Amino acid sequence: ITLFTVGTTVKGAVDDLDLVIQTLEGCGFSRDRFYIHCDGALFGLMMPFVKRAPKVSFKKPIGSVSVSGHKFVGCPMPCGVQITRMEHVNALSSNVEYLASRDATIMGSRNGHAPIFLWYTLNRKGYNGFAKEVQKCLRNAHYLKDQLRAAGIGAMLNELSSTVVFERPRDEDFVRRWQLACEGNIAHVVVMPSVSIEKLDVFLNELVKNRSTWYQEKQPPCIAADIGKENCACPLHK
């Protein structure tokens with residue numbers, strides 16, 4: 001069983017699906033001897049609109065794909081979609097006498113409202129609407145990364161992602177105010193359709209202003225181990 005990640009949580013990295021398949025088959029595994037699950041949570045519904053992104057398709061020997069409906073799509077309640085091959089559905093489903101049908105859900109129950117909201121959003125925005133939103137997210141993510149680097153702040157953006165990783169702010173009040181997700185010496189901003197250039201400018205101005213007081217007598221930390229020396233802005237790698 002192999003997990004193919006379509007955008008890691010912290011840095012937005014995307015695995016190479018074709019390389020995974022090529023490696024498994026190169027090691028002598030026939031297609032009935034491996035199972036690939038594609039975890040698309042946030043980025044799974046953005047990826048079809050990103051050039052050079054891996055093509056996830058059941059024409060390839062994958063077993064299942066999962067995506068979130070409440071993240072990029074914006075369903076107002078938490079929901080996920082799991083798509084798998086019929087042979088795997090049949091293996092998990094069971095007859096339920098009092099329902100007079102087969103239950104194919106994993107947990108035995110599901111929210112009936114979430115599919116309606118998901119269907120409504122997909123139909124309202126349409127293919128072209130989502131394509132425009134994805135391009136906006138990527139464009140604004142590049143803007144944020146470039147502005148951070150111009151201000152002397154180490155920052156990284158994976159080519160296929162809208163997740164900008166940068167030096168962790170030293171002020172926890174600032175972190176809470178902007179609801180930044182942090183891990184070790186780094187933090188990230190996930191640029192979604194609701195994040196405008198104007199909002200990014202407010203964030204950048206506040207960050208740069210506060211940062212000048214955080215490092216009056218100290219040097220910014222080296223985060224080359226987290227984002228690569230080419231993206232680090234510490235004195236050693238500047």
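Please treat every number below as a calculation from the coordinates, not as lab data. Bear in mind the structure is a predicted one, so any value in this text is a computation, not a measurement. Because the Cβ atoms are built from the backbone with ideal geometry, glycine has one as well, and the counts that use them run over all protein chains shown.
Remarks
- Charge sum, other residues only, whose C-beta stays under 15 Å from Ser212's C-beta, Lys/Arg counted +1 and Asp/Glu -1: 0
- Each of Glu87, Glu217 was scored by other Cβ atoms within 10 Å of its Cβ. Listed from fewest to most, they are Glu217, Glu87.
- Relative to the Cα centre, the charge distribution of the range 1-63, modelled as +1 at Lys and Arg Cβ and -1 at Asp and Glu Cβ, gives a dipole magnitude of about 200 debye.
- Applying a 4.7 Å Cβ-Cβ cutoff to the chain, the cysteines left without a disulfide-compatible partner are Cys27, Cys38, Cys75, Cys79, Cys137, Cys182, Cys232.
- In terms of packing, defined here as the mean over residues of other Cβ atoms within 10 angstrom, the peptides 122-132, 148-158 line up highest first as 148-158, 122-132.
- Nearby lysines by direct alpha-carbon distance to Lys132 (threshold 18 angstrom, same-chain neighbours under 8 apart not counted): Lys51, Lys71
- Formal net charge of residues neighbouring Arg177 (Cβ-Cβ distance under 15 Å; K, R +1; D, E -1): +2
- Summed side-chain charge close to Lys59 - residues other than Lys59 whose Cβ falls under 13 Å, Lys, Arg +1, Asp, Glu -1: +3
- Ranked by how many other beta carbons lie within 10 Å on average, peptides 160-167, 104-111 from highest: 160-167, 104-111
- Order of Cys79, Cys234, Cys38 under a 10 Å beta carbon neighbour criterion, fewest first: Cys234, Cys79, Cys38
- Distance between the range 101-162 and the range 1-55 - C-alpha centres, whole angstrom: 17
- Amide H within-cut-off set for Gly7, under 5 Å, with H built and near neighbours excluded: Val14, Asp15
- Rounded to the nearest 20, the size of the Cβ-charge dipole of the chain about its Cα centre is 540 debye, with Lys and Arg at +1 and Asp and Glu at -1.
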